[in-house]
1. Extension gain LYS440-ARG226, at 0.36 nm per residue separation less the Cα-Cα distance, in nm?
2. For the Cα atoms of the chain, what angle does the longest principal axis make with the long axis of helix 451-461, in degrees from 0 to 90, nearest 10?
3. For the stretch 247-256, take each phi angle, set θ = phi - 60°, evaluate the Karplus expression 6.51 cos²θ - 1.76 cosθ + 1.60, and give the result in whole Hz per residue in order, putting x for glycine and proline.
4. Could you name the aspartates and glutamates in cross-link range of LYS262, using Cα to Cα under 15 Å and dropping any fewer than eight places away on the same chain?
5. Roughly how many whole Å is it from the C-alpha centroid of the stretch 456-523 to that of the stretch 196-257?
6. At most 14 other Cβ atoms within 10 Å and a DSSP loop assignment: could you name the trypsin sites (Lys or Arg not before Pro) in the stretch 192-242 that fit?
7. Relative contact order for the stretch 138-243 using alpha-carbon pairs under 8 Å, separation at least 6, rounded to a whole percent?
8. Within the accessible area of the stretch 137-202, what % is carbon and sulfur when the probe is 1.4 Å and the other protein chains stay in place?
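The values are calculated or read from the model by the stated rules, or taken from the named source; none is laboratory data. Everything numeric in this text was worked out from a predicted model, so none of it was measured. Cβ sites come from the backbone with ideal geometry, for glycine too, and all protein chains shown count toward neighbours. Heads up: the accessible areas ignore ligands, DNA and RNA and are worked out on the full protein's heavy atoms, side chains in. Shrake-Rupley method; radii C 1.70, N 1.55, O 1.52, S 1.80 Å.
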Amino acid sequence: MAERYDYIIAGAGSAGCVLANRLGEDPSLRILVLEAGGSDRAVIVDMPAALSIPMNTRRFNWGMRTEPEPGLDGREVNLPRGKGLGGSSSINGMCWVRGNPMDYELWEALGADGWRWSNVLPYFQRLENVEGGGPLRGTSGPVHVNRGLQKNPLYQVFVEAGVQAGYARSANMNERQHEGFGPMEMNIGGGLRMSAARAYLRPAMARGNVHVVTGATVDRVLFDVRRAAGVAYLDNGQMRQAAATREVIVSAGSIMSPAILKRSGIGPAAELKALGIDVVHDLAGVGENLMDHLELYIQMECTKPVTLFPAQSLWGKAKIGMEWLATRNGLGATNHFESGGHIRSRAGIVYPDIQFHFLPLAISYDGLSLAPGHGFQVHVGTKRSKSRGFVRLRDARPESLPRVRFNYMSHPDDWLEFRACMRLTREIFSQPAFAPYRGKELAPGAEAKDDAALDAFLKRKVESAYHPCGTCRMGTDGQAVTAPDGRVRGVEGLRVVDSSLMPQATAGDLNAPTLVLAERMADLIRGRHLPDAEGAALLADPHWATRQRGAAISRDYSRDRAALKAALLANARGERAPDECLVTF
């Protein structure tokens, strides 16, 4: 292997870009980053409002679909995955959601030692550059974060309706109080998408010690006995090799990282042997524990011409594009998800398991389905589904996309929670704040009332929110693939660092948690970590056990973490408060 580096990073997605930057801060190190896609430089990537365009191109998207999903009557579900520098951060919706602080308490409770909120918060502060600052925020990091201008009146109407329905108001859901309704943030800076490639990789490449090869599909990790010694990768159809003197780090995402491990001989022995792959280490959890966020669009007709519908015409889009190209301002400089909310589906749930993204337009996320007139909608879905799926190899060739099945809606709680999503959204839209704007319900439609009708709508229309995770779960039990520092169990010199490590999906969009995971992992690789944060509160409704909503999110569990851990684990097992405490829909 003629090419020799200190670290080899497989994948230039969100996590890989962070690692290249942070590890490359040491000028004595040589780092190789291998990315199967190409350059991220394109107007459709840079322009925030164009987010649905790169998601629908083969240049920037792997074009994956799930296998037929049994819980959705055999329907295949679209699964966009970023292809190119920045990975999915170059095609996502740019919603900046840290998640709830209790997400990270749950990670630790599930075996990811050292990942509690007070450990993670300093890394959010290190990576953020938040416009205007705020409590517990960072203001000098590489990732620019701001809010939309909220010029459309419907953004504030949605928040007021949530408050009128009895939920809390949050000044900023990324600060102390996650639960409730309020403005959303986006990782956009200077009117440009703040992808991981822009924030981390380009500065790293400019230093000169980080070498990036695009069009390089990693086949497998190469071993010297049981120590990772390098990688084999396809470069323009030719198989090449590169050696790593310190570590190989797989950062190819929750779908591709387990595929690389399996092709390398690390995974369930029976699956590998059936494909003719020599087993280096029999590790049953590789590719298992796959989870995702699902969402529905609840759409309403708008009786006043205040929505974004006129902007969807050819002339409207051209006008937005010209303004953005000239000024980096206007409707092209936002993702249009400028307000949202986080609530609990029922009493007995400690912290929010439902998320709302509000949009003053009735359209699908991929931009392919537009309602014929003024409308508004929320994207609503559950955040901690108990359904689990898998990623398995189709064959041993690096060019072949793996088989993916989430087993969506295979747990009975999923149905309970999604019915709550729909009925609670209708209740919010029925509040007085929406009265001047509320027309008829477009989807699912007023005729969908009972459970059977709502379930039928869900089977037809539910979509992935594009947040797969968990397939190389970190932990300490026998099913964990990695230790809490990302090291792959059973071998040496090999780590996984990306969203596949997450023991549980967070309560919100996954890009910010993926970046913070990589930030902290970069320090653990270097044998250090930031000190615990001060003031890392763990806030909840003091009456969460007996009510589904409340305006006061005031109990701080940070000094009672043992009780909190027990409650979080009970929720994770599907255990809730007694039946008489549950809200009946």
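1. Extending this stretch completely gives an extra 70.7 nm.
2. Between helix and principal axis, roughly 50 degrees.
3. Result, rounded to whole Hz: 8, 9, 10, 8, 9, 9, x, 5, 9, 7.
4. ASP219, GLU271, ASP278, ASP282, GLU288, ASP395, GLU399
5. 19 Å
6. Values: sites: ARG193, ARG198, ARG207, ARG220, ARG226, ARG227, ARG240; in loops: ARG226.
Of the trypsin sites (Lys or Arg not before Pro), the ones in loops of the stretch 192-242 whose Cβ has at most 14 other Cβ atoms within 10 Å are ARG226.
7. Details: 121 pairs, mean separation 18.6, N = 106.
Relative contact order, the stretch 138-243: 18 percent.
8. Details: 1040 of 2060 Å².
Percent of accessible area from carbon and sulfur atoms in the stretch 137-202: 51.
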